[in-house]
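The values are calculated or read from the model by the stated rules, or taken from the named source; none is laboratory data. Bear in mind that the values here come from a model prediction, so they are computed numbers and not experimental data. All Cβ positions, glycine included, derive from the backbone under ideal geometry; neighbour counts span all protein chains shown.
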Amino acid sequence: MKWRRFLVSRFVRLAFVLVAITTLTFLMMHLAPGDPARLVAGMDADEQAVQIARERLGLDQPMYQQFLDYVGGLFRGDLGTSFATNQPVTEEIAQKIGPTAQLAVLGMALILLVGLPMGIIGAVLTRNGHRWFEIAFSGSTGAMASIPQYLIATFLAFLFAVTWQLLPVAGSGSIEAAILPAVAIAVRPAASIARLVRVRTLEVLESPYVRTARSKRLPTRKLYLAHVFPNSITTMLAMGGVTFASLIGGAVIVEQVFARLGLGTTLVHSVLVGDYPVVQGIVLLLGFAVVLVNALVDVILGIVDPRTMEAGR
Amino acid sequence: MNADPVSNDILLDVRNLSISVENRDEIPPLVRNVSFHLNRGEIVGIVGESGSGKTLTSLAVSRLLPQGLSMSADRIDFDGHDLVGGSDRELRTVLGTNLAMVFQDPMQSLNPARKIGAQMIETVREHRGLSKKEARALAIRSLEDVHITEPAKRLKQYPHELSGGMRQRTMIAMGLMGEPSLILADEPTTALDVTVQAQVMQLLCDLNDRKGSAVLLISHNISLLSEVCDRIIVMFRGEIVEDLTTAKLLAGPDHPYTQGLIRAVPDLNTDRGVDLVTIEDGQFDVEREMNHA
Amino acid sequence: MSSKRHGTTRQMSKAFLSSPTGIISGLILLGLTVLVIMGPNGFGDQATVSDMARSSEGPSADHRWGTDALGRDIFTRTLAATRLSILYASAAVFFAMIVGGLVGGLIAAGGPRVRKVGGAVIDTMMGFGDILLAVVVVAIVGVGAKGAVLAIGVAFTPHFARFTYSLVDSVMVRDYMSAARVVGVSKSGIGRRYVGRNVADSLVIVTFTTVAEGIMAMSSLSFLGLGIQSPQFDWGQMLTDGVKNFYLNPYAALVPATLILITGLAVNLFGDALARAVNPVLWSERPSLFRSKLRRNRAKALAMTPEITIDPAMETELRKGRP
């Protein structure tokens, strides 16, 4: 019963946001200065050619008609045609999504495998009174969490690719080429997650309910798995949406540093040349991905910690 | 078993317990040379203002002192087991089942992310090897013992779905799972409102009656303790200043600090025009008072 | 709050000067200010005029960090880029503060429905991340310095809105607020004297530290080629060129990257020291570079939440209210 209400409210919100994104991407081309039809026809095309282009793009239709066409297209999986290449946008995206997805998956894995354990180990060591450790931990993660990803990428490229020549500096084919960019986008979110998880775990370790659990004299492993972990992991889950958005944003820039041909480089390039259908398509895709991940995080949080169901709007 | 019938009756024996801050010799011990005992089935209260060391004493007895504090004692015997010398591993089952802890804040003493049932059954599952089914049945009986309605349903609920009084009774029920010989309750009613307070106190007395569990009740409220306890231990600045039966307390205690404590509790007859008694710094020099006595 | 501060300017500066991080970051900021005032023209030809004969050289006697692809001195050019890098970022953050502050304040003042929907919209916008939001704005407004300032401004607006919103909320539930209402202080009086003043203090400090984020975000847009366009130049743009010629002279990328980093850190540390200085609770604490990290965060949090004490203005109000 409670679950149904929770799911319905999340779903309504999700639908609302998806509609908003769709409308925004549709308006994007119309809000921008300049005439897309002229862009397509070419700067020195005559009036007639521009008119033909306008009709072909459907820009001569009334606004609501264009919007309906746009939405109708979305449902058929048609995102329009690139101004620059005359390829369907879906095709463009399909060609470029590989390197970006690879980055996102590798980055997420790094964050989970490094950030989370570091936070928990950090909390346990701090509690056991390793002062030097606390200083080193706070200092290093604090610095890492405040450096933007493109700077980390630059420094990493200098060290590993230029100075030591261990890894390739550019390219999007091999897995080795993905290591540096993945590390570059993962360092910052991993560091902030490690910090949060450490503080949260310390709180949990000092909490009355863990004292209660200690009074039951459970084996240490059970104490941590059943009583500490579920409460400290919610922090990380709650950060899940933000982390994913930060990964996507990081990927857009970091692809540029390593000259990877992914969605990020394509997005930036399309903005520069005014290829609006491609911009629309990529923004729509990334936006939907971010929103869906956020919704998923909410539901998982609801399962792990039912209190969030009631606290959430 | 000891042949001496008197010591056979003693459930908890604490001799010269001191608690101090680790690696900080300049800070005087927080609890100094505290000795007391508890007989089987007895209800004993420890009273004192905050910072008097009453909570630390109870945590030391249950070996749950927070990190950074260390304890020393000539002897702490509980139910025939040596709590000072024995390793935690050795004492695991004894402390896990024979001793039940009830803490001050029922809102936060239950794990918010786990169902009541899961939290209740883990002790007996771990220490007595009960099956899930047996443990659940026991949990339901325990909840009935503390007068919680619809116990089977409660097992599937989360702590935040219960009221404060229900949570505190659930905490007590959780302690009862191991059939404890001692219930150690630290300010069990402070966070609750008055009518619920009475219920919980009544419940503790009840359990003492029916199951014979001794109760060590810690509170700052001397009038509350005098209503239920057989004996009251008064602590002040880390030391025990008086250990007396309730009857004697009501007849008029010897120690001026205890007298002050009694006068500090307002009741309906208190003259509201006069300030309540407060304990000023340095008003009582414990050693001088003790030498006097 | 203010009357308490009146006679304590000296104590505040003392608290500020007691922290080495405050002094060091202050000196760095002073240097940066000089660079901003000097601007690109203050460095003569070395920063702007190309010398193809000496393009992409490594470090040498006359070019300490080498030259870029067009033979310009990397170090001088990086210093010359300071003005635009900082000014545009500050403009963007200022925009975000004004708009976000207003939006947040309006949502907080609105009815339950406005608050619910407004809060959801802010959260969703923040959910997308600054970069994606900024790129969308650039796509609409167009590439260039103006577009980039607007883009970063819009991207940061939800942060300020959310901050103002929760700040106003936390002030509204303080005891002295209910007291003010009971005594019969008018709604506008409450807004001006209690909420406004408490919120403004915190907002200023947060705005200052956000400039660090702004510089980094602005550079990232320029780095993508979406920000400042040639012949104007900033750190981000220099970084792009530097990354392209990484193997020839890595310092072409490393020097501007390092300056971005130093500026960001200095602004952050200075903001922390500032927060400490305006917060009487922390005056007695002696901060040190390492130990104080945790405390500093706490200091920041404290500076952001208004004091819990009774407001002096409230006291006068209470006295006035008495017959």
How many of the residues in the stretch B:1-48 are of a type in the set (A, V, I, L, M), modelled with pLDDT under 85 and under 26 Å from B:ASP206 (Cα atoms)? 1
Tell me yes or no: at least one residue of the stretch A:170-185 is of a type in the set (Asp, Glu), under 20 Å from A:MET118 (Cα atoms), surrounded by fewer than 17 Cβ atoms within 10 Å (Cβ to Cβ) and assigned by TED's automatic domain parsing to the domain that holds A:LEU116. no
Let me confirm something: among B:MET101, B:MET107, which residue is on the phi < 0 side of the Ramachandran plot, surrounded by fewer than 23 Cβ atoms within 10 Å (Cβ to Cβ), in contact (Cβ under 8 Å) with a residue 60 or more places away in the chain and not polar (S, T, N, Q)? B:MET107
Go through the stretch C:134-151 residue by residue and tally those that are facing another protein chain (nearest Cβ under 9 Å), without any contact (Cβ under 8 Å) to a residue 24 or more places away in the chain and in a helix (DSSP H, G or I). 4
A:THR141: touching a helix residue (DSSP H, G or I) at 6+ places or on another chain (Cβ under 9 Å) and within 11 Å of another protein chain (Cβ to nearest Cβ), yes or no? yes
If we scan the stretch A:224-245, do we find a residue that is among the hydroxyl-bearing types (Ser, Thr, Tyr), farther than 19 Å from A:VAL304 by Cα and buried (at least 19 other Cβ atoms within 10 Å of the Cβ)? no
Tally up the residues in the stretch B:76-119 that are closer than 14 Å to B:PRO180 by Cβ, out of contact with any strand residue (DSSP E or B) (no Cβ under 7 Å at 6 or more places or on another chain) and facing chain A (nearest Cβ under 8 Å), please. 3
Out of A:VAL293, A:VAL299, A:VAL252, A:VAL278, sole residue that is at the interface with another protein chain (Cβ under 7 Å from one of its Cβ atoms) and either assigned to a helix (DSSP H, G or I) or more than 30 Å from B:ARG63 (Cα to Cα) (or both): A:VAL252
Against the definition (under 21 Å from the mean Cα position of the chain (by Cα) and either buried (at least 23 other Cβ atoms within 10 Å of the Cβ) or more than 27 Å from B:GLN67 (Cα to Cα) (or both)), how does A:ALA161 come out, yes or no? no
Quick check: is even one residue across the stretch A:136-143 part of a helix (DSSP H, G or I) and either closer than 30 Å to A:VAL273 by Cβ or in contact with a Pro (Cβ under 6 Å, 6 or more places away or on another chain) (or both)? no
Just for the stretch C:224-257: of the residues that are facing another protein chain (nearest Cβ under 9 Å) and among the β-branched types (Val, Ile, Thr), which one is surrounded by the fewest Cβ atoms within 10 Å (Cβ to Cβ)? C:THR240
Do we find a residue being assigned to a loop (DSSP other than H, G, I, E, B), in contact (Cβ under 8 Å) with a residue 60 or more places away in the chain, closer than 25 Å to A:SER246 by Cα and in the same structural domain as A:ALA251 (by TED's automatic domain parsing) anywhere in the stretch A:197-214? no
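May I ask you to say which residue of A:LEU272, A:LEU286 is free of Cβ contacts under 8 Å to residues at least 12 places away in the same chain, assigned to a helix (DSSP H, G or I) and within 14 Å of chain C (Cβ to nearest Cβ)?
Testing whether each residue is free of Cβ contacts under 8 Å to residues at least 12 places away in the same chain, assigned to a helix (DSSP H, G or I) and within 14 Å of chain C (Cβ to nearest Cβ) leaves just A:LEU272.
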Since B:VAL84 meets every condition but one in (1) closer than 29 Å to B:LEU155 by Cα; (2) modelled with pLDDT under 85, which condition does it not meet? (1)
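Quick check: is even one residue across the stretch B:194-201 within 14 Å of the chain's Cα centre (by Cα) and part of a helix (DSSP H, G or I)? Please lay out each step first, then the result.
Restricting attention to the stretch B:194-201, the residues satisfying the condition of being within 14 Å of the chain's Cα centre (by Cα) are B:200-201.
From what's left, part of a helix (DSSP H, G or I): B:200-201.
Yes.
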By residue number, the members of the stretch B:169-193 that are in contact with an Asp or Glu (Cβ under 8 Å, 6 or more places away or on another chain) and either assigned to a helix (DSSP H, G or I) or closer than 18 Å to B:ARG128 by Cβ (or both) are B:ALA173, B:LEU176, B:SER181, B:LEU182
Going through the stretch A:33-48 one residue at a time, which ones are surrounded by 15 or more Cβ atoms within 10 Å (Cβ to Cβ) and more than 20 Å from A:GLN87 (Cα to Cα)? A:ALA45
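Can you tell which of A:VAL242, A:VAL252, A:VAL283 is of a type in the set (Val, Ile, Thr) and either on the phi > 0 side of the Ramachandran plot or assigned by TED's automatic domain parsing to the domain that holds A:LEU7 (or both)?
After ruling out the rest, the residue left standing is A:VAL283.
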Being out of contact with any Pro (no Cβ under 8 Å at 6 or more places or on another chain) and outside any helix (DSSP H, G or I) is the filter here; which residues of the stretch B:202-218 pass it? B:GLY212, B:ALA214, B:VAL215, B:LEU216, B:ILE218
Could you list, in sequence order, the residues of the stretch C:36-55 that are assigned to a loop (DSSP other than H, G, I, E, B) and in contact with a helix residue (DSSP H, G or I) (Cβ under 7 Å, 6 or more places away or on another chain)? C:GLY39, C:THR48
